[in-house]
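The block underneath contains the structure these notes are about, expressed in structure tokens.
The values are calculated or read from the model by the stated rules, or taken from the named source; none is laboratory data. All values reported here derive from a predicted model rather than from experimental measurement. Cβ placement follows ideal geometry from the backbone for every residue including glycine, while neighbour counts extend to all protein chains displayed.
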Amino acid sequence: MKGQARSLGHSLKGLERGKWMGLYGWGICLLVAFSWIGEGIQARPLVVGFDRFHAEKPDEEGGAILYSELGCANCHGDSPVAIPRRGASVLDISRRLSLDWVEAFLEDSSSGHEGSTMPEMLRGVEKAERDALIAYLGSRTTKVSLAPSPHSNAERGSALFHEKGCVACHAPTSDYEGEQSLDDIGISPFAVPLPDLKKKTSFAALQQFLQATSHYRKDGRMPEFALTKQDANDIAAHLLDYQDSDPRVAPNITPWPKGDAKLIEKGREVFTTRNCAACHSIEGIKPAPIIKLSGAPQGEGHCLSANPRPELPRYDLDDAQRKALTIYLSAQKRPNDASGHLTLAALNCLACHEKGEVGGPTDHTSPFFTGAEELGDSGRLPPPLDQVGWKLQRQWSEDLLNGKEGTRLRTYIEVQMPSYPVYAKELADWLSTLDAHPKAQGLVADQKDDLEPGRILLGTNGGMDCITCHSWKGHDSIGMPALDLTSTAQRLQPSWYRAYLINPYAYRATTLMPAFWPGGVSSLSNILDGNTDRQITALWHFLQEGTAVPEGLPDRQFGAYELIPEDRPLIQRTFFEGVGSKAILVGFPGEVSLAYDGETARPVLAWKGAFFDAYHTWFTRAAPFEKPLGDQIVTFPAPDSKEKHRYRGYQVDAEGNPTFLFTDGNREIADHFSSEEGKLVRTLTWKDGPPPIITHPAGVKVEESPSNKKLTFTYSWKDAEKSEN
């Protein structure tokens with residue numbers, strides 16, 4: 001797997017790196033916690049938020065983190081963190097996990113996951129009852145499709161692993177090749193290991209887990225990443241060291257034996273009586289009632305002792321962990337989470353972010369955070385979380401945590417902010433309670449006449465030169481990259497925005513943002529009489545409502561980068577909304593356009609009017625998903641076919657019209673497109689078998705011309721027909 005990946009482009013940084021480690025992968029999870037299988041297993045549970053910040057000097061806060069992350073709160077209530085620790089989903093485990101692995105994990109979780117926080121739960125349970133439990137778990141199946149895409153690239157997956165920030169929580173492997181060697185960097189003592197995935201799962205199941213993590217890990221300890229199916233395929237190939245380019249032929253899990261109804265019911269009883277539902281939710285099974293604790297347990301036989309009673313969970317705690325938990329439980333007034341430290345440490349947000357000079361990348365992980373070198377640490381490290389509750393508007397926080405498109409503004413930072421879709425609302429509510437600043441000064445009242453001064457202030461001709469570094473409304477910055485200002489008024493709270501502009505260094509010491517209003521005094525006395533509050537408000541007002549182009553940026557309103565097909569079709573690859581990252585756009589003369597998906601091998605969109613603006617595709621560092629310039633957009637429904645299409649490229653005829661090639665099972669099909677008098681003409685040809693399954697979009701008239709092994713369809717827009725008549 002060694003070698004360089006530089007040909008994959010700037011975003012991969014040419015890194016060939018080791019096994020993908022995921023993020024936030026320690027935990028109480030019963031059946032999806034990854035694990036190493038081998039000698040030298042450490043039974044002591046690993047809780048990174050405790051080990052990094054509290055293990056050397058156990059205290060109440062450290063005990064609070066353990067109380068949450070060891071699952072104590074699930075049985076005893078009063079979770080000290082905002083998002084309670086939960087176990088993984090047990091749905092479809094017979095389709096996703098090896099039976100041998102599950103049996104070994106239930107016997108001894110530390111044999112399946114070094115540092116697992118899953119306690120020993122089945123002491124005193126006979127083998128027959130264990131078998132019944134496994135039969136019950138195996139019966140919990142759904143119809144979720146586990147089908148990877150047809151192509152995978154393990155080398156690309158290796159590079160993605162290291163750039164997306166996975167090594168903030170997990171160690172790189174020995175085959176890592178970067179600017180610094182592992183001998184120089186070293187392995188973080190807080191790195192969470194992963195298992196021998198070949199023994200645990202299948203390619204299809206791992207790919208599905210990577211792309212839909214929140215379906216299986218709802219509590220956010222393993223968050224969700226915005227991965228395309230191809231990204232997930234490539235990372236899965238890297239994790240499994242799968243070198244074949246077609247994952248559809250990868251080995252699958254050996255089917256579990258099916259238990260009879262009586263055995264399954266017995267297993268359900270074991271699941272219920274052992275209170276597995278306290279951590280692993282199953283519809284129809286309620287956890288046992290909460291048992292409140294009134295202090296640290298005394299004597300022997302309790303959960304914190306070395307030999308608890310057989311019906312209780314058993315943890316192999318070390319002295320520091322026991323001491324911290326005892327201090328926490330004994331406290332007359334237990335610590336609250338007013339600073340946010342408990343929740344941020346539990347979710348391991350502090351692996352990437354600082355708050356109050358605590359956390360952030362360690363010396364071992366910092367080299368893996370890359371980005372815009374010209375911005376220093378601000379161009380490669382995620383922003384600090386100081387004043388985050390005061391800084392961000394409540395709805396923006398929720399959208400960001402949901403992974404909503406358009407909320408990732410620092411696209412020049414390679415590490416990707418994950419999402420927490422299950423608890424986005426609860427986390428946003430919690431964040432809004434932090435860092436209150438009731439005495440902060442807000443903006444002065446908006447004055448509509450100040451919109452033009454706001455435009456001048458944003459520009460380079462007599463203004464503050466904001467666009468020198470910041471992008472705005474689809475325009476890249478003139479010089480170095482910084483975050484996009486377009487959504488400023490939706491993202492920031494006005495009082496924080498004002499305070500930051502006056503003294504940016506007080507809020508991020510490493511920022512390159514200059515102070516244009518040092519000490520509250522404007523450096524531009526000729527705009528709005530040098531009134532600081534009016535200038536800051538005018539700038540805010542323009543960022544919120546302005547449409548004109550600031551001085552110094554090219555005015556794209558006139559379509560300087562619009563592609564206009566005249567004599568022959570134009571073909572452009574891009575990221576396209578509703579199509580994906582492998583969109584192939586075709587603009588035909590006569591204002592007819594097509595968007596074809598090179599991953600699923602089918603047309604997806606067609607429209608009338610203007611074709612496409614290539615500005616972002618050609619010039620933006622991290623191009624967004626684009627939209628058609630025209631209107632009358634129609635969508636081709638996905639065909640309901642048992643045989644999946646496999647894309648084989650495209651050819652262009654003498655007139656510039658494309659023919660897309662794909663296979664439907666074992667036969668080859670050619671899909672040719674052209675335009676004629678404002679209509680889209682599609683011709684399919686094949687050699688063997690019946691006609692392929694074809695769908696047509698609503699909103700167009702379809703004329704069909706069949707012949708031997710050939711189908712021609714002419715699509716004409718109904719609105720256009722009405723106007724002609």
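Quick notes on this structure:
- Filtering Asn666, Asn657 for residues that are loosely packed, with under 12 Cβ neighbours inside 10 Å, in the same structural domain as Gly630 (by TED's automatic domain parsing) and not charged (D, E, K, R) leaves a single hit, Asn666.
- Residue-level check: of (1) at pLDDT 90 or above; (2) hydroxyl-bearing (Ser, Thr, Tyr); (3) touching a Pro at 6+ places or on another chain (Cβ under 9 Å), Tyr136 misses just (3).
- Identity of the residue in the stretch 473-502, of a type in the set (S, T, N, Q) and part of a loop (DSSP other than H, G, I, E, B), that ends up nearest to Leu431 (Cα to Cα): Gln493
- Filtered residues of the stretch 500-540 (kept if farther than 24 Å from Glu374 by Cβ, of a type in the set (A, V, I, L, M) and in contact (Cβ under 8 Å) with a residue 60 or more places away in the chain): Leu524, Ile527, Leu528, Ile536, Ala538, Leu539
- Exactly one residue among Leu293, Leu342 is hydrophobic (A, V, I, L, M, F, W, C) and part of a loop (DSSP other than H, G, I, E, B), and that residue is Leu293.
- Of the set (1) part of a helix (DSSP H, G or I); (2) surrounded by 14 or more Cβ atoms within 10 Å (Cβ to Cβ), all apply to Tyr505 but (2).
- Top-ranked residue in the stretch 182-217 [being of a type in the set (D, E, K, R) and assigned to a helix (DSSP H, G or I); ranked as surrounded by the fewest Cβ atoms within 10 Å (Cβ to Cβ)]: Asp183
- Hey, Pro310 surrounded by fewer than 17 Cβ atoms within 10 Å (Cβ to Cβ), assigned to a loop (DSSP other than H, G, I, E, B), at pLDDT 95 or above and not hydrophobic (A, V, I, L, M, F, W, C) or not: no
- All told, Thr511 meets the bar of being modelled with pLDDT under 90, under 17 Å from Cys466 (Cβ atoms) and under 31 Å from the mean Cα position of the chain (by Cα).
- Here Ser330 passes the criteria (1) under 30 Å from Ser432 (Cβ atoms); (2) among the polar types (S, T, N, Q); (3) surrounded by fewer than 18 Cβ atoms within 10 Å (Cβ to Cβ) except the one numbered (1).
- Count of the stretch 558-575 residues which are closer than 12 Å to Phe611 by Cβ and of a type outside the set (Ser, Thr, Tyr): 10
- Scanning the stretch 111-143 for residues that are in contact (Cβ under 8 Å) with a residue 40 or more places away in the chain, part of a loop (DSSP other than H, G, I, E, B) and farther than 19 Å from Arg309 by Cβ gives His113, Glu114, Gly115, Ser116, Thr117, Ser139, Arg140, Thr141, Thr142.
- Residues of the stretch 63-110 that turn out to be in contact with a Leu (Cβ under 6 Å, 6 or more places away or on another chain) and in a loop (DSSP other than H, G, I, E, B), as a count: 5
- Residue count for the stretch 202-236, restricted to those that are of a type in the set (Ser, Thr, Tyr), at pLDDT below 95 and over 21 Å from Leu347 (Cα atoms): 1
- Residues of the stretch 225-251 satisfying the condition of being closer than 20 Å to Ser89 by Cβ and surrounded by fewer than 23 Cβ atoms within 10 Å (Cβ to Cβ): Phe225, Leu227
- Hey, Arg491 under 18 Å from Gln387 (Cα atoms), in contact (Cβ under 8 Å) with a residue 12 or more places away in the chain and in contact with a strand residue (DSSP E or B) (Cβ under 7 Å, 6 or more places away or on another chain) or not: yes
- Here Arg130 passes the criteria (1) surrounded by 17 or more Cβ atoms within 10 Å (Cβ to Cβ); (2) under 15 Å from Cys276 (Cα atoms) except the one numbered (1).
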